Every structure is written in structure tokens, then in C-alpha cells.
Amino acid sequence: MNSDIKIIFVDIDWTLLDHCVHDFDYVSIEGLKKAQENGILVYLNTARPYESVNQIEILKKFTPDGLVCTNGGLIFHNDKVIMKNIIPSDFVSKVLEICNKKHLEVEYGTIKDRYFSVPSNKYVIKYFQTFNEKPCPVKEYTGEEVTSLLLMCPKRFDKRLLNRISKELDYFRFHPYGVDIRYIRNDKGKAIDFVLKYHNLCYDSALSIGDDMQDIFMFQKTKYSAAMGNGLEEVKKAATYIAKPISENGVLDALKHFKVI
């Protein structure tokens, strides 16, 4: 056993959730449970808002010690919120007003819920087809604490929306029909910094596992890191180990390689 590793940060999409088969890597999830039995903390670290994580039902199959949502904008230890980056309500209202006039969908996420600003449209359907999720209910924004804004539209809208909303915001397109609009730049690495401090742990005691560009921020904050075999080449170059792909239980492979189980 590797006695140095005290905490593991694991991505969800394409790391534990295989979108080719629309199901989880249950073998690797059992490996994470064994790591917990060995006294190691396990945090899921995802770009998804809480309600999205809840909808895919991974929390019914695995109980992590903590959950990082919206690329670090919201952090739970067990079911307690220990950090939240709240987007100012006037900024939320401005984004919704501009996008609603163009009949573009914005999904705004609160601590544990998420809502649509307008009824579903063709861009929403194209976006949700990728992630195999159900669209959210429509609800007028009335000043709730918002931790995420997800715009669903094609690239041709980007330039004019950026000019209208703000030149200072973090407008991150991660999908042909999906854009994260972030007032505060969150990243998974900053979340790890917070969690390590919260648990009085250090860089040398942490392992991170992921597949996509945002996961590189995790790798920079942990001594040990594993890129999924199905991950991007840039991510593989940033990791200390390249695990098997998700179809071959890559997370379990990483856990065994680093001798945490």
C-alpha cells in the first residue's frame, strides 16, 4: 500500500461515466470504495452543477467524502457546503436579459437546483443529446444564489454576445452548443487547494484522475496524477501516469498502479 496518498480527486465524465454506453464504470467505483475502506478520502471533481450530478444518479451508486461542482465553484464535504462562489445577482440578471432577448437558453444553477431561463429550443436538444440528460424546468430568476451559468447556442453567437455581456467575463466554450459563462474563473485545481487546506493535507498526499483539459489543473495540484487512456493527448502529457481507458476500468488501473488498493 502507498501510505503517502491520503486523498483522491476523480473526474466523472469519461472517467467514471462512459458516454459510449451511457453507464458507469462500476468496477472502478468498487475500487474507490475499497480506497475509502483503506482510510483514503475520495472527492468527485466535476464541471457539472450539483443537480446534474444528482440527475445522473452517481450519488446513489457511490458516496464520496466530498464533491466539487462547477469546476470548483461549489464544494461539499459530505453534504455540507464548505465553499461557494456566488455570481452577483445583477450580473446574472444582465446575462439572462441579453440572452432571453435573442431567445437563447441559459441554464442557471443554484446550490442544489438548476433552471432554464426560457422554454427549451433546438440548441438545448442538441446539447442534452450529448450528455443524455433531461432539460430543466423553466423558472424566472428572482435573485437566488447562483453558482453557474450555462449558455446553449452555436459558435456563431459568440462574438456578439461577448461584446454585449462583458469583455471581462470568462466565456468558456466546451461544446458545439455549450458555453460556461463565469464571472469568477473557477478551476479544479483551486478547488483542490481549498480541500487540502480544509483537511490539513498537502500536495504530496494527493492523487487526481481525469481525462480532459480542465483536469490538468487538478494534476498541477497533486503529486500523483493519472490521465485516462481515452483522454486528450495534452492531458496525458501532464500526468505522471497514463491509465487504461474507461472501457478497460482505467480508474481501477490507476488505483492499483499507485497502490492505494
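Throughout, read-outs are computed from the coordinates displayed, never taken from laboratory work. Here the structure is a predicted model, which is why all the values come from computation and not from measurement. As a convention, Cβ positions derive from the backbone with ideal geometry for all residues, glycine included, and neighbour counts pool all protein chains shown.
Would you calculate, for the chain, the mean residue ellipticity at 222 nm contributed by helices, counting each DSSP H stretch of 4 or more residues as -39,500 (n - 2.57) and dividing by all residues, to the nearest 500?
Computed ellipticity for the chain at 222 nm equals -8500 deg cm²/dmol.
Residue 118: net charge of surrounding residues, Cβ under 11 Å, Lys/Arg +1, Asp/Glu -1, itself excluded?
Once all neighbours under 11 Å are counted, the net charge is 0.
Based on the Cβ-Cβ distance from residue 37 to residue 81, what FRET efficiency comes out when R0 is 35 Å, to the nearest 0.05?
About 0.85, to the nearest 0.05.
Can you compute the label reach from residue 159? Point 7 Å from Cα along the Cβ direction, backbone N cut-off under 20 Å, restricted to the range 64-102.
99, 102
Which angle from 0 to 90°, rounded to the nearest 10, does the C-alpha axis of helix 26-37 make with the longest principal axis of the chain?
Between the helix axis and the principal axis of the chain, the angle is about 60 degrees.
Is the range 152-261 rounded, prolate or oblate when judged by the Cα gyration tensor, a ≥ b ≥ c being the square roots of its eigenvalues, rounded requiring a/c under 1.5 and prolate requiring a/b larger than b/c?
In terms of gyration-tensor shape, oblate.
Report the residue, chosen from 171, 115, 198, that carries the largest GNM mean-square fluctuation when the chain is represented by alpha-carbon nodes joined by springs under 10 Å.
So, out of 171, 115, 198, the one fluctuating most is 198.
With charges set only on the Cβ (+1 for Lys and Arg, -1 for Asp and Glu), what does the dipole of the range 1-68 come to about its Cα centre, in debye to the nearest 20?
180
So if I place +1 on the C-beta of Lys and Arg and -1 on the C-beta of Asp and Glu, and nothing else carries charge, what would the dipole magnitude of the range 1-123 be about its Cα centre? I want it in debye, nearest 20.
Computed about the Cα centre, the dipole is about 360 debye.
Between 96, 9, 83, whose Cα lies farthest towards the positive end of the dipole of the range 1-140 when Lys and Arg beta carbons carry +1 and Asp and Glu beta carbons carry -1, centred on the Cα centre?
Of the options given, the answer is 96.
Just grab the label-to-label distance for residue 126 and residue 59, each label 7 Å out from Cα along the Cβ direction, in nm (one decimal).
Rounded to a tenth, the inter-label distance reads 3.2 nm.
Which of 250, 216, 106 sits closest to the plus end of the dipole of the chain, meaning its Cα is farthest towards the positive end, when Lys and Arg get +1 and Asp and Glu get -1 on the C-beta?
Towards the positive end, the residue furthest out is 106.
Explain nothing, just the number: dipole magnitude of the range 104-261 about its Cα centre with +1 on each Lys and Arg Cβ and -1 on each Asp and Glu Cβ, in debye rounded to the nearest 20.
For the range 104-261, the charge dipole is close to 300 debye.
Taking the Cα centre of each part, how many Å lie between the range 138-185 and the range 7-67?
So the separation of the two Cα centres works out to 27 Å.
So, R0 is 41 Å and r is the distance between the beta-carbons of residue 91 and residue 200; what FRET efficiency does that work out to, to 0.05?
About 0.75, to the nearest 0.05.
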